Amino acid sequence: MVKFPDIQQPVYPLTTQIKDPSLQAEMENGLVISRAKFTRAPQTFTLKWTALPAADYAILRDFYCHTVYGGSLVFDWYYPTVASDTYSGKLFSVRFTGGDISFDLAAPGYYSGTLKIQEV
């Protein structure tokens with residue numbers, strides 16, 4: 001399996017979204033019925049950098065464009081090491097999601113930007 005490149009860690013906050021696996025419908029009498037639509041709840045992680053060194057950005061850009069072809073292929077990503085967090089260092093199989101990624105040249109030699117990855 002391809003691994004996310006070894007670059008500078010993203011900055012905080014690291015946002016995690018958990019998809020609601022339910023299906024809900026409102027009936028004519030106003031009652032809402034629901035059931036599980038999916039057997040799992042995939043998570044989406046938003047990674048942000050405010051001062052990613054140009055060399056690390058070049059590695060990330062090459063990985064996105066020439067290794068996993070945007071959101072086409074799955075890769076391994078490790079959750080950052082965080083004390084007292086059950087996800088600390090946990091391995092996730094993910095792909096890029098949310099469309100294009102966008103980074104700004106924030107200062108000479110440093111880029112800032114955000115991207116989303118989703119558990120598969």
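Observations
- Exposure ranking of Ile101, Ile117 by accessible area [1.4 Å probe, largest first]: Ile101, Ile117
- Surface exposure of the stretch 69-120, expressed per residue as accessible area with a 1.4 Å probe, stands at 58 Å².
- Karplus-derived 3J(HN,Hα), 6.51/-1.76/1.60, for each residue of the stretch 18-25, Hz, glycine and proline x: 10, 5, 6, x, 9, 10, 10, 9
- Taking a point 7 Å out from the Cα of Arg40 in the direction of its Cβ, the residues of the stretch 59-93 whose backbone N falls within less than 12 Å of it are 92-93.
- Karplus (6.51, -1.76, 1.60) ³J(HN,Hα), θ = phi - 60°, over the stretch 90-107, in Hz, Gly and Pro reported as x: 6, 8, 10, 8, 9, 9, 5, 9, x, x, 5, 9, 9, 10, 10, 6, 7, 7
- In loop segments of the stretch 1-100 as defined by DSSP, the chymotrypsin sites (Phe, Trp or Tyr not before Pro) with at most 13 further C-beta atoms inside 10 Å of their C-beta are Phe38, Tyr69.
- Relative to the globular-protein estimate of 2.2 N^0.38 Å, the Cα radius of gyration of the stretch 8-92 stands at 1.54.
- Charged neighbours of Thr39, selected by a Cβ distance under 14 Å, balance to +2 (K, R count +1; D, E count -1).
- Listed residue (Thr97, Ser112, Gln43) projecting farthest to the positive dipole end of the chain, Cβ model: Gln43
- Largest to smallest accessible area among Arg95, Arg35 [probe 1.4 Å]: Arg35, Arg95
- Across Leu14, Leu52, Leu73, the residue with the most accessible area heads the list, and the full order at a 1.4 Å probe is Leu73, Leu14, Leu52.
- Net charge over other residues, Cβ less than 15 angstrom from the Cβ of Ile7 (K, R count +1; D, E count -1): -1
- When the Cα convex hull of the stretch 44-120 is projected onto planes of every orientation, the mean area is 5.3 nm².
- The Cβ shell under 15 Å around Leu23 holds other residues with a net charge of +2, Lys and Arg each +1, Asp and Glu each -1.
- Pairwise Lys count, the chain - Cα closer than 22 Å, eight or more residues apart or different chains: 10
- The chain, relative contact order in percent, only Cα pairs under 8 angstrom and at least six apart counted: 28 percent
The values are calculated or read from the model by the stated rules, or taken from the named source; none is laboratory data. This structure is a prediction, so every number in the text was calculated from the model and none was measured. All Cβ positions, even for glycine, are placed from backbone atoms using ideal geometry, and neighbour counts span all protein chains on display. For accessibility, only protein heavy atoms count, side chains too; no ligands or nucleic acids. Shrake-Rupley method; radii C 1.70, N 1.55, O 1.52, S 1.80 Å.
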